[in-house]
Amino acid sequence: MDYLQLRVLPLLALLASLIYFFYFQDSPTLFERSDCSLFPYNHYWIISKRIVTPHGVISGAVEVKEEKIVSIIKEEDWHGNLKKGQIIDYGEAVVMPGLIDVHAHLNDPGRTEWEGFPSGTRAAAAGGITTLIDMPLNNFPATVSAETLKLKIDAAEKNIYVDVGFWGGLVPENAFDANSLEALLSAGALGLKSFMCPSGINDFPMTNSSHIKEGLSILAKYRRPLLVHAEIPQDSESHLENGENDPRSYSTYLKTRPPSWEEAAIRELLTVSKDTRIGGPAEGAHLHVVHLSDAGSSLQLLKEAKSNGDSVTVETCPHYLAFSAEEIKDGDTCFKCAPPIRDAANKERLWTALLEGDIDMLSSDHSPSVPDLKLFDEGNFLKAWGGISSLQVGLSFITNSYNCFISTMPIHVKLYWLTSSRCNLVVIQNIVLQCARLEFQRVGLSSLKLEIVIWWTWITGY
Ligand SMILES: [Zn+2]
């Protein structure tokens, strides 16, 4: 593969995604975009050399009739069946279930200049995501009540291009107000989200373990999860007192949020997660740690909690698997997020944990802002908005995560220009299994209809 292909083809891969939609039955808490099947046919076959199924990748055909998949057959078994309908041959393109992203911030209503439902859900579709669950902040007002959830739903209506569900917020104001939390859950929130550190948004204050314990007791009745941003500030480890740290240097930012913040939060969380065990006072509730970055002690604690029977899961994000602190250039605040992207050795351990099943799923933590807040000119990591916008490119991050090609091109296109040799079927299949099955269960979407993504990759080796 020559230099030009390395730069251009990965971008084409995701831009070429096509999405087909099929029915799902009653899912009152999930908003369904209008019918947008791209084909006029009633009965057709999608043919590909790389169809991802729960049993492996096959060369074969997917039969679609009246907007439902009715069969998937291997090439050697089709015996002329394909003549019964239209045939669309995608050659080497990957055909697989649409991704579900359980963690995206679309900021609508209230901060649509950061991003709103129309552009956010279009980006999701282009990135192979056919369902996303929207976070209860950075929209304004934050989604912490039935009334504010209604504002979200109104904003989404007729403005979305993929299916969208909503998390509610657990904050000190509602944590001890059972009626308010129950109203929020009854109004359709798929679960709750809370922070153990300042969220960066004034109307979404942080919670402590007492608030979380209360939240879990309500969630248990609804059998829904609590998602937690697990970092607790540890003042003694900020290391910036001597004024010698350059705020344009990524290493300076990294020192301000060491792994001990994640570890401290998870240690505290696990004092209440035991309530979720079978027979415990919060049996039925579930704790989910969002965007884990520390693959050391924090991950080990979570593994131990799982083995003790706590109902706990953990996600990480494509940017933690695709990038490492060593390669982030001075002033390149594009890469600022919290917790931070850590070193290459940590990235390797995250990969291992993902592939071995110790990390349960991936999410984007897509968190856009207006460009001004990223302070691109100033390049100050300590003051810039912390959030990575990745709905459209997350799948590309994952499938292209090694030997990243990051050059001197403009910031706004940099994240697209990755290439790699690591992509393999194991990774692709893990993504499918996590996103299309496990995440369904976690967010209570068992009756969701099946959706398909078709995308092109020129990466070889599988
Ligand atoms: Zn987030």
**OP:** Binning at 10 Å from 0, report for segment 161-268 what percent of all alpha-carbon pair distances ends up in each bin.
**Re:** 14, 37, 27, 16, 7, 0
Original post:
By a straight-distance test (C-alpha under 23 Å), which lysines pair with Lys255 as possible cross-link partners, with residues fewer than eight away in the same chain excluded?
Top reply: Lys329, Lys336, Lys347, Lys374, Lys383
**OP:** Name the long-range amide H neighbours of Ser389: under 5 Å, sequence gap of 5 or more, or other chain; modelled H, no Pro or chain starts.
**Re:** Ser367
**OP:** Bin all alpha-carbon pair distances of segment 104-171 at 5 Å intervals from 0 and give each bin's fraction as a whole percent.
**Re:** 4, 21, 33, 25, 12, 4, 1
**OP:** Please list 326-337, 84-95, 139-150 highest first by mean number of surrounding beta-carbon atoms within 10 Å per residue.
**Re:** 139-150, 326-337, 84-95
**OP:** Give me the distance between the Cα centres of segment 131-151 and segment 282-335, rounded to whole Å.
**Re:** 24 Å
Original post:
Among the lysines, which have Cα under 28 Å from the Cα of Lys68 when same-chain residues fewer than 8 positions away are ignored?
Top reply: Lys49, Lys83, Lys84, Lys158, Lys449
Original post:
Extension gain Arg349-Thr53, at 0.36 nm per residue separation less the Cα-Cα distance, in nm?
Top reply: 103.9 nm
**OP:** Work out how much length Glu182 to Ser210 would gain on full extension: take 0.36 nm times their residue separation and subtract the Cα-Cα distance, in nm to one decimal.
**Re:** 8.3 nm
Original post:
Where does each of 117-124, 218-225 land if you order them by average Cβ count within 10 Å, highest first?
Top reply: 117-124, 218-225
Original post:
What residues qualify as long-range amide H neighbours of Val314, i.e. H under 5 Å apart, gap of 5 or more or another chain, H built at 1.01 Å from N?
Top reply: Val289, Asp360, Met361
Subject >> Per-selection Kirkwood Rh - segment 264-324 (Cα, Å, 1 d.p.) >> reply: 12.1 Å
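Taken together, the values in this text are just the output of simple stated rules run on the coordinates, not laboratory data. This structure is a prediction, so every number in the text was calculated from the model and none was measured. Note: ideal-geometry Cβ built from the backbone for every residue, glycine included; neighbour counts use all protein chains shown.
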